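Participant: Here it is, the structure in full.
Throughout, read-outs are computed from the coordinates displayed, never taken from laboratory work. No experiment lies behind these values; they were computed from the predicted model shown. We place every Cβ from the backbone using ideal geometry, glycine too, and count neighbours over all the protein chains shown.
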Amino acid sequence: MKTNHTLFIVLTLCVLFNSCSSDNNSDPQIPIQDISERESSCSDFIGYSGAYWDFVNDVVIPFAAVPEVPNIASEFVHSQLPITLNLPSGYVALEAEYPEIGPDSKGVEVVNSNNSVRFTWVPPSYAPGQYIVSEDFIPWIRFLLEQNYGLSGDPTEICSELTQRDAFGYPQEINTEVLSFGNFIAQSWVLTSYLDEGTTFVIALSVAHETDYEDVTESLFLPLHYQLYMNGLGSQRDQDGDGFSFLVDPNDSDSNVPAN
Ligand SMILES: [Ca+2]
């Protein structure tokens with residue numbers, strides 16, 4: 001990987017957005033629970049922090065309603081990718097390029113004014129003919145933390161999980177970490193899926209000051225995940241209706257892909 005990191009910034013398109021919707025929990029099997037008191041599979045994390053951890057590890061969370069940002073202040077529309085985000089006040093979204101991952105790798109970064117909060121999103125990307133393991137992206141995540149937050153040395157690992165499975169007929173890995181360094185908490189999530197002899201990967205990295213992490217997780221990180229790829233509370237988007245979700249499909253606009 002190259003060591004330079006370039007962000008191409010395009011001014012956020014700010015459009016007032018004054019509607020919001022809520023999906024009630026329609027699954028009677030999932031009792032609604034007070035998330036703020038909920039324990040998680042990461043023993044040091046309760047509440048929304050723990051719910052976020054469980055959510056990226058594919059645990060169904062008993063939210064009473066789809067997580068949404070409070071007081072939507074602006075709408076961001078990516079100029080090249082099909083990404084639209086509703087943002088609360090105090091945040092902007094920036095178009096980003098990640099040459100360390102690949103020459104065409106693009107994504108979005110949501111940040112606040114003093115960079116004490118940052119959400120990095122590398123949308124589902126397909127690498128044909130390659131089998132890429134999730135571990136390969138961990139150095140890049142460390143690199144982002146070095147670049148943006150001055151991480152030096154090894155951060156303290158609060159929780160980490162590597163899930164390798166073949167439950168859907170193709171190999172998949174979920175690689176998650178929660179790290180502590182300085183006054184910051186960072187949660188990373190890498191999902192790799194091997195289909196059609198290539199790898200689809202998606203990455204999210206969420207960073208906030210430790211004193212704000214719980215609130216920011218509730219008001220920003222979780223709502224952004226729901227905006228990016230969830231349909232209501234329990235299912236992931238599948239644009240072409242082929243049964244492969246947006247997160248794993250090499251081409252979610254063509255129901256003939258993947259072939260397997
Ligand atoms: Ca699909």
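Participant: Report the Stokes-Einstein translational diffusion coefficient (µm² s⁻¹, integer) for the chain, Rh taken as the Kirkwood radius over Cα pairs, at 20 °C with viscosity 1.002 mPa s.
Facilitator: 113
Participant: Of Ser206, Ile138, Gln227, which is farthest along the charge dipole of region 35-236 in the positive direction, counting Lys and Arg as +1 and Asp and Glu as -1 at C-beta?
Facilitator: Gln227
Participant: Further question: Expressed in nm to one decimal, what extension gain is obtained for the pair Tyr170 and Gln147 from 0.36 nm per residue of sequence separation less their Cα-Cα distance?
Facilitator: Residue separation times 0.36 nm, minus the Cα-Cα distance, leaves 4.8 nm.
Participant: In debye to the nearest 20, how big a dipole does the chain give about its Cα centre with +1 on each Lys and Arg Cβ and -1 on each Asp and Glu Cβ?
Facilitator: 540
Participant: For n ≥ 4 DSSP H runs only, could you compute -39500 (n - 2.57) per run for the chain, divide by its residues and tell me the 222 nm figure to the nearest 500?
Facilitator: After summing the helix terms and dividing by residue count, I get -3500 deg cm²/dmol.
Participant: Then there is this: Just grab the label-to-label distance for Asp242 and Glu157, each label 7 Å out from Cα along the Cβ direction, in nm (one decimal).
Facilitator: Reported label-point gap for Asp242 and Glu157 is 3.6 nm.
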